[in-house]
Amino acid sequence: MRMQPKLITIAISLISVGSITQTFAQGYAVNEQSISAMGSAYAGRGANVQDASILYGNPAGITQLEHAEISQNLTFVKAYSDLKNTQGSGLASQGSNDGDFVPEVILGSSYASVPLNHLIDGLSAGLGIYVPFGISSNYETNFQGSVFGDKTKVKVVTIQPTIAYEINPKISVGLGATINRMDGEINQSLTGQTDRTGLKGEDFAGGYNLGLLLHPTEKTHVGLTYHSKVEYKLKDTAYLKGLNPMALLANPQAAALLAQKGIDLAALPPLNALNMTSQDASLKVTTPESAELSVSYQVTPNLNLLGSATWTRWSRLGTLSPETGFSADLLLAQNAQLAGLLGQMLASGKLSPEEINQIKKMVDAQLAGNHDEVLKFKDNWMFNVGAEYRVNPHWKVRAGYAYDQSPVDTEHRTVRLPLGNRNIVSLGANYQATENTSIDAGYMYIFENTARVHQEKSNANYSAEYKNTAHTVGLQLNHRF
């Protein structure tokens, strides 16, 4: 029992490491919480207890760890996207389509567990920090579809204190309370040029994970895991950068009204680029719940077959409608040139006060509606199969395959999340370096079916075919006390 203070100290230090992790960009859910599970494409991760990283796959699994343990993971992800058959019109009629808009990413996670049999026989506790959701993408400055999306960066970091109890040798249960921090930034162009309008913010929210681990036979292990939904309300700062104010007057409704009054926008004097911020923005986001069934079957003393099926309720994501706090009044207050121009039109009689108010309402609608993201995801399934084989007392090798259904179809696919059905193949190994220390290594190759994107709005449309692939390499250090 004298090891417990040391374990707590190490766990706290691991949290400081894990909290700086970034997120994988090719999807919204992140799977890279365990390298020992990565080697078999996450098959059986809720039933195959290897180390302290089981805390994410199934919180009940820590009851099977006889000693205090820690696990530290690092993962490197390099994703590629090839864009073909691109077309656009209106504000998206010109621009580049370089692809490879996903930056290289490093992920980290940390876990610690300790048996508490001295308090209650069969009781265990654990602590984990990991990234369950994330997006990170950033198109080039002149991206042709920038009016539909440019930068997207969302990161969720979770701390999960866990308690688990072995009811009897065949049944264990576990509960993890999750403390989640989401922060992110999204932006796009209003004009299809170099201007950007966006939001960035953060929020903390709570959730929970449940786990059940069954041992119906000596060779068969079954895990059931539930990850709850988490509801966030991000307190955001909204911004406009480098925008020509004339672009707001050039929207179809306002331009038509000005044309009726004989006002030619092209003949008006140029205005300085607009930079504007609002501290009153907010955005509600819900990360979905999921349920996973895992099975591990020991065919021989050296061969273990693994399988999993995971259901995720992506349909919770509908239309994201941020409140930006932007308005025509704020715009005029922060841009004296535009306010002066409209004032001159009013003073000269070219526009009446009622017509000025009409234009302001049109600008209000444009500023408010430009950030709406219609996602309309659908619930999906992920299926995993894998195996691990013990070569000798020091080495174990793994392999696996997974199929992950896309949560979005062509009608609702966006440039921010151009997701296709995903195939994953993986290889991995475990090396028992000493009696108490082991190292896991894993590699995954991810390739998606061609994903077609078609988006349109009143002043633009854009379409392209995305071919997404990614390479993932991870290392994990495990130590027991």
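The values are calculated or read from the model by the stated rules, or taken from the named source; none is laboratory data. Predicted model only: the values in this text are computed from it and were never measured. Counting neighbours? That spans all protein chains shown, and the Cβs are built from the backbone with ideal geometry, glycine included.
When you go through (1) assigned to a strand (DSSP E or B); (2) closer than 30 Å to Lys219 by Cβ; (3) out of contact with any Asp or Glu (no Cβ under 8 Å at 6 or more places or on another chain) one by one for Asn304, which number turns out not to apply?
For Asn304, the failing item is (3).
Taking Pro393 as the residue in question, decide whether it is over 20 Å from Leu74 (Cβ atoms) and without any contact (Cβ under 8 Å) to a residue 40 or more places away in the chain.
Yes, satisfied.
Residues in segment 425-452 that are of a type in the set (Val, Ile, Thr) and either under 18 Å from the mean Cα position of the chain (by Cα) or closer than 18 Å to Ile135 by Cα (or both): how many?
Of the residues in that region, 1 qualify.
Restricting to segment 415-461, give me the number of residues that are surrounded by 18 or more Cβ atoms within 10 Å (Cβ to Cβ), part of a strand (DSSP E or B) and touching a Phe, Trp or Tyr at 6+ places or on another chain (Cβ under 6 Å).
2
Within the bounds of segment 353-368, is there any residue that is assigned by TED's automatic domain parsing to the domain that holds Tyr239, within 19 Å of Asn272 (Cα to Cα) and free of Cβ contacts under 8 Å to residues at least 12 places away in the same chain?
Looking through segment 353-368, none of the residues is assigned by TED's automatic domain parsing to the domain that holds Tyr239, within 19 Å of Asn272 (Cα to Cα) and free of Cβ contacts under 8 Å to residues at least 12 places away in the same chain.
State all residues of segment 340-352 that are part of a loop (DSSP other than H, G, I, E, B) and either outside the structural domain of Leu258 (by TED's automatic domain parsing) or at negative phi (or both); if no residue qualifies, say none.
Correct list: Ser348, Lys350, Leu351, Ser352.
Regarding Val285, is this residue closer than 30 Å to Pro393 by Cα, surrounded by 16 or more Cβ atoms within 10 Å (Cβ to Cβ), β-branched (Val, Ile, Thr) and touching a residue at least 60 places away in the same chain (Cβ under 8 Å)?
It is false that Val285 is closer than 30 Å to Pro393 by Cα, surrounded by 16 or more Cβ atoms within 10 Å (Cβ to Cβ), β-branched (Val, Ile, Thr) and touching a residue at least 60 places away in the same chain (Cβ under 8 Å).
Pick from Ile62, Ile15: which is at pLDDT below 95, among the β-branched types (Val, Ile, Thr) and not in a strand (DSSP E or B)?
Ile15 is the lone residue from the list that is at pLDDT below 95, among the β-branched types (Val, Ile, Thr) and not in a strand (DSSP E or B).
Could you give every pair whose Cβ atoms fall below 9 Å, whose first residue belongs to segment 432-450 and is not assigned by TED's automatic domain parsing to the domain that holds Ser53, and whose second residue is part of a loop (DSSP other than H, G, I, E, B) and at pLDDT below 95, counting only separations of at least 6 or pairs across chains?
none
Does Gln33 satisfy being in contact (Cβ under 8 Å) with a residue 24 or more places away in the chain and either farther than 29 Å from Glu435 by Cβ or within 18 Å of the chain's Cα centre (by Cα) (or both)?
yes
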